[in-house]
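Worksheet: the structure to be examined is printed underneath.
The values are calculated or read from the model by the stated rules, or taken from the named source; none is laboratory data. As the structure is a computational prediction, the values presented were derived from the model and not from experiment. Counting neighbours? That spans all protein chains shown, and the Cβs are built from the backbone with ideal geometry, glycine included.
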Ligand code: PMP
């Protein structure tokens, strides 16, 4: 539909699919199955809408991969990138150099994030940000004279990225099975998924119990060996797990008690997604360190950041010597310039307040109408992060087996009906651009509702 001068000469969707299947190894995909089925080729986008190579319009209920917060097709971001690339397309922060966009972005992130996070290490992806944090945390404890504090505790189904280290830190057992992970010195506790494990326990009591798993882990590993605890304020890729009220306060208390650093992975929750600038604001977390990506540039450029709190920074700066870490594109000037303009759009248009006060509650109220559907066990969310968990039998609280097949079918129905939602196990997940309108939310929820009906009809063929 748009550009016609690709070197391969590909023109039709069939051409693209054939070339894609021939050469392109997709992330988190079964290559063989995808090659047989063929990918949907996305060619352009505007607002909350995508167009594929057949010219079909698709509602993006996931903001790409939870990242296109300001929506697609923003001319300000294009102009900013063009201006920066004209003036200075590349320079780095190694060997005593800096660039204005990197300096300005760091200043802005310090201003926006919770108090005490006054230093920034710029990188290109959420994985790199978390990897950077691991290296910093271990270096910090070694400098503090406690080199045996190396273990980082995370949660089952927490997702922190895909490098060897952060895949180890992530609590995805299926990932661990590939390539001999986890690496040593990562531990996992259960996630605070009340609906799954303790639906009859009151939320406050469950919060206490679930946070208590951290204390148990610290005591069994030995407090002198635990460097840090990391968690997403709301677990995203692991199934949209919203913590019960009081969970984070208790986690914070336990971390303080054992002098364990608290790290908030804000890669999904950051930049307005939960209705505040950061999930840490929503849950009143005071993290020692924080990682940012995705919404930082609304996905227009690969850019991410590790925010470092005063305590850790003071030691690293005063006594750390040379920190032997960094990437060619750390603080890339074009990416930083675009991130700054993206933040400026979020501010100018009041998008964070809009999520909290208007469009987030609207999405939740619309999803609540699905509660009585025979497949729907729970509707949960915060801001523009929402999950609808499917269940086999409401009365007996039994889940589907095998896990994930029903969710995947429902997602496929949505996609065929031209709306992107994600299935995590059997939870249908939505995280649309923060600019989504009420009419577009209606389309998204109606499409999901229809897909639930279609999935319900398919059940006999899906169950063992
Ligand atoms: N942390 C969280 C919470 C994420 O959701 C993701 C990506 N989905 C990452 C880290 C990894 O980010 P990236 O894919 O940019 O490496």
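Brief remarks on what is shown
- Residue check for residue 440: surrounded by 15 or more Cβ atoms within 10 Å (Cβ to Cβ) and in a helix (DSSP H, G or I): yes
- Filter result (within 16 Å of the ligand (Cβ to nearest atom) and out of contact with any helix residue (DSSP H, G or I) (no Cβ under 7 Å at 6 or more places or on another chain)) within the stretch 138-175: 155, 156, 157, 158, 159, 164, 168, 170, 171, 172, 174
- Residues of the stretch 382-410 that are in contact with a strand residue (DSSP E or B) (Cβ under 6 Å, 6 or more places away or on another chain), touching a residue at least 40 places away in the same chain (Cβ under 8 Å) and closer than 27 Å to residue 275 by Cα: 386, 387, 388, 389.
- Leading residue by the ranking (farthest from the ligand (Cβ to nearest atom)) among those in the stretch 215-237 that are within 29 Å of residue 423 (Cα to Cα) and crowded, with 22+ Cβ neighbours inside 10 Å: 229
- Every pair of residues 6+ apart whose Cβ atoms lie under 8 Å, when the first sits in the stretch 199-212 and is closer than 20 Å to residue 389 by Cβ while the second is assigned to a helix (DSSP H, G or I): 201/194; 201/209; 203/194; 206/194; 207/247; 207/250; 210/194; 210/247
- Residue within the stretch 346-368 that is in a loop (DSSP other than H, G, I, E, B), over 28 Å from residue 80 (Cβ atoms), in contact with a strand residue (DSSP E or B) (Cβ under 8 Å, 6 or more places away or on another chain) and assigned by TED's automatic domain parsing to the domain that holds residue 435 present: no
- Within the stretch 34-50, the set of residues being modelled with pLDDT under 95 and surrounded by fewer than 14 Cβ atoms within 10 Å (Cβ to Cβ) comprises 36, 37.
- Counting residues in the stretch 26-45 that are more than 23 Å from residue 274 (Cα to Cα), within 16 Å of the ligand (Cβ to nearest atom) and in contact with a helix residue (DSSP H, G or I) (Cβ under 7 Å, 6 or more places away or on another chain) gives one or more.
- Qualifying positions in the stretch 176-186 - touching a helix residue (DSSP H, G or I) at 6+ places or on another chain (Cβ under 6 Å) and touching a residue at least 24 places away in the same chain (Cβ under 8 Å): 186
- Count - residues of the stretch 300-328 that are within 16 Å of the ligand (Cβ to nearest atom) and under 21 Å from the mean Cα position of the chain (by Cα): 8
- Among the residues examined, residue 375 does not qualify as surrounded by fewer than 17 Cβ atoms within 10 Å (Cβ to Cβ), in contact (Cβ under 8 Å) with a residue 60 or more places away in the chain and touching a strand residue (DSSP E or B) at 6+ places or on another chain (Cβ under 8 Å).
- Test: residue in the stretch 281-290 that is over 27 Å from residue 195 (Cα atoms) and under 14 Å from the mean Cα position of the chain (by Cα): yes
- Residue within the stretch 331-342 that is buried (at least 20 other Cβ atoms within 10 Å of the Cβ) and in contact with a strand residue (DSSP E or B) (Cβ under 6 Å, 6 or more places away or on another chain) present: yes
- Selection over the stretch 51-70 of residues that are surrounded by fewer than 22 Cβ atoms within 10 Å (Cβ to Cβ) and away from the ligand (no atom under 16 Å from the Cβ) gives a count of 8.
- Count of residues meeting criterion [part of a strand (DSSP E or B) and either surrounded by fewer than 23 Cβ atoms within 10 Å (Cβ to Cβ) or within 15 Å of the ligand (Cβ to nearest atom) (or both)] in the stretch 249-296: 8
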